[in-house]
Amino acid sequence: MFTADPDYVPFCGMPPVPAELMARWTLDPFLLAGLVATWAFGFWRLAKGPRRTSYFAGLGVTAIMFVSPLCALSMALFSARVGQHLVLTLIAAPLLARAFNGRRVSPMAAAIVFSAFFWFWHLPTPYQATLESDWTYWAMHLSLLGAAVAYWAAIITQMQSRPLQSFLSAIVVGTQMSVLSALLVFSGEPWHLWHEATTPPYGLTALTDQALAGGMMWVFGAAVFVAAIGLLIVRVLVQAEDGEARPAPGRAG
């Protein structure tokens, strides 16, 4: 493995081989305590209803990403790490965002911040750092999830009042994700040396695994943002029609 400290064991453990994967649940006491505390916060803060249901659904998806064997698999396959990030930012994050009344953050500003984090943590040097430090590992996941929740909260709370800006922000996020996906798919060299040693037991090379990660990001990300853009286009058109149908001041009746 390519680490600065050969004695360091990553949070999710060393990369598993396929035969041991299903036994690799992550039952770290600090992780479980954090999940229980987050669950208790939602139970205390949110009244029964759709918002609480959405919060617990998002928290449940998040828990699966870190407790299940996917956590260990993400140490072996870059495609598993990317899949983990896609589920966190495109499924768990909007569910969590629906649970709270977001502040009036600009959708475009939130889109730019989220995009910056998404690129940063998939570049070679920052990614390698997450494999060498628990602090950096959690900085990656918490910043990605937090930025994604802020972005989706901005979209959800301002879809009615700022449909055009929400629409443009979805284009920005979808486009940057597609560009990163293309770079991963068509690169002639693997970005992450760590996975040159971890992918062969799964019948993959690091370059094939990287292309798979890019393909997942392209297809899944595109599907989510095509749906979001389509919904926002409908909102913009409906708002435009309402504006045309509303009589001008002084001319009613």
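Summary table below
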read-out	value
Mean ellipticity per residue at 222 nm, deg cm²/dmol - from DSSP H runs of n ≥ 4 across the chain, formula -39500 (n - 2.57)	-22500 deg cm²/dmol
Listed residues SER161, MET22, TYR151: farthest to the positive end of the dipole of the chain (Cβ charges)	SER161
Solvent-accessible heavy-atom area per residue, rounded to whole Å², over the chain at 1.4 Å	50 Å²
Descending Cα extents along the principal axes, the stretch 7-146, whole Å	44, 32, 22
Between 0 and 90°, nearest 10: helix 78-87 axis offset from the chain longest Cα axis	30 degrees
For the stretch 112-224, average projected area of the Cα convex hull in nm²	7.6 nm²
Rg/Rg_globular for the chain, with Rg_globular taken as 2.2 N^0.38 Å and Rg from C-alpha atoms	1.14
Kirkwood-based shape ratio for the stretch 100-156, expressed as Rg/Rh from alpha carbons	1.06
The stretch 3-63 versus the stretch 118-162: alpha-carbon centroid distance in Å	16 Å
Carbon/sulfur fraction of accessible area - the chain, other protein chains in place, 1.4 Å, %	71 percent
Packing-based ranking, highest mean first, of 145-152, 13-20 given that Cβ atoms within 10 Å are counted	145-152, 13-20
The chain, dipole about Cα centre (Lys/Arg Cβ +1, Asp/Glu Cβ -1), debye to the nearest 20	1420 debye
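The values are calculated or read from the model by the stated rules, or taken from the named source; none is laboratory data. Not measured: the values here are computed from a predicted model. Positions of Cβ are generated from backbone atoms using ideal geometry, with glycine treated the same way; all protein chains shown enter the neighbour counts. The protein model used for the area step is the full one, side chains on, heavy atoms only, and it has no ligands, DNA or RNA in it. Shrake-Rupley method; radii C 1.70, N 1.55, O 1.52, S 1.80 Å.
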